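A quick write-up on the structure given underneath.
The values are calculated or read from the model by the stated rules, or taken from the named source; none is laboratory data. Keep in mind it's a predicted model, so treat the numbers as computed, not measured. Here the Cβ positions follow ideal geometry from the backbone for every residue, glycine too, while neighbour counts run over all protein chains shown. Each accessible area value is taken on the protein alone, full model and side chains, heavy atoms only, with ligands, DNA and RNA left out. Shrake-Rupley method; radii C 1.70, N 1.55, O 1.52, S 1.80 Å.
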Amino acid sequence: MEATSQGRYSTFDIRVRAVEAVSRGLPVGDVADAYGIHRATLFRWTSRYYDLNGFAGLKRKEVSGRPRLLEDLDKEALWNIVLKPATDFGYETDLWTIGRLHRVVQEQYHTTISHDTIWRRLREAGLTYQKPERQYFEMDEDIREEWMRTEAPQIRKTVNKYRALLYFQDEANVSLTAFLGKTWSPRGLTPRQKVTGKRGGVAAISAINGRGRLLFKLHEKRICSEEVIAFLGQMLSHHRRRHLVVVMDQAPPHTSQKTMGYIETQARLHVFHLPKYSPDWNPDEKVWNHLKHQELKGHQAKTKAELKDMAQRKLETMSSDPSLLRGIFFRCCVAELFG
């Protein structure tokens, strides 16, 4: 059996793409690693391609055995179900689970099928189990489109006019209650992870740009106008001879009279605000997501002082990795507009 990282069996599309990669001159070992297959399997595919004069040689041969269930439940059929909200099928929320999909498939196809088969078909169709991003009810698409037409060009114009550095800025709270990731454990035996029961956390403010630069500051109190002003001053001091264009959301500390008054006194500082309820347009949101869900996942800090020290070290490590930061920055859907 030819296993791949995409599912239990390799699909025809995977075999074609792998052979095409080898024919373009890419090393066999690199291609095999990329597709999660053994080198010998890739050599076999390549030989079949040349021996049988084309991609027809890559089609799986018919074999005897139990016929495949639900031939009609192909990629297109699954996508037609999963890409609709689950509320369309009578559920109270939009999110899909294996149990929900299992019920819908059985009802629509009038047959009985196992949960394992649902899992396998989902993988074969290129569907993965993901955590959705928040999209606020209050978000106004008309306002966002207007921002794209008017504000985004103005940001680019200001960057070009002053040869300025563009940063996106945001704040977050890093909690003593650690985010717990997943781990392997025997079925039916839920693993346990010790964490503190204390409440509290550390307030953090940062700014990221497309060149892989991260500036940050940690606080043990809630961030107000004074902290925002101090951070903007820190950014100006860090780039003493450059104009800075800083894009931030419309949180009260960003739009207060005190903050706006400070901005007006700084000739090298040009601040723009994102539309309301648009965290998905701020690349700096991804910084905090990475810090909380990757760097500090399952952290063992018991006090705010320990947490602050740990977060400081993790952010310093992140700030010394431009490649990581560029990846975080351009993961944001609007980052390409300013790259």
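Here is how the numbers come out for the structure above:
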read-out	value
Size of electric dipole in segment 192-333: Cβ of Lys, Arg +1 and of Asp, Glu -1, about Cα centre, debye, nearest 20	420 debye
Most positive-pole-ward Cα, Thr150, Gly99, Phe137, against dipole of segment 17-170 from beta carbon charges	Gly99
Per-bin percent of Cα-Cα distances, the chain [20 Å]	22, 44, 31, 3
Rough spin-label spacing in nm, given labels placed 7 Å along Cα→Cβ, for Lys75 and Lys221	5.7 nm
Surface share of carbon and sulfur [accessible, 1.4 angstrom probe, percent] for the chain	50 percent
Nearest-ten-degree value, helix 304-319 long axis tilted from longest Cα axis of the chain	70 degrees
Residue-averaged [θ]222 nm for the chain, counting only DSSP H segments that reach four residues, each worth -39500 (n - 2.57)	-12500 deg cm²/dmol
Listed residue (Pro191, Ile205, Leu166) projecting farthest to the positive dipole end of segment 142-285, Cβ model	Pro191
Highest to lowest packing among 190-200, 306-316, 139-149, scored as the average C-beta count within 10 Å	306-316, 139-149, 190-200
Rel. contact order, % - alpha carbon contacts under 8 angstrom, at least six apart, the chain	16 percent
Angle in degrees between helix 115-124 and the longest Cα principal axis of the chain, rounded to the nearest 10	70 degrees
Cα-centred dipole magnitude for segment 101-217, charges only on beta-carbon of K, R (+1) and D, E (-1), debye, nearest 20	860 debye
Å² of accessible area per residue within segment 222-305, as computed with a 1.4 Å probe and no ligands counted	48 Å²
Net charge contributed by nearby residues that have their C-beta within less than 13 Å of Gly210 (K/R +1, D/E -1)	+4
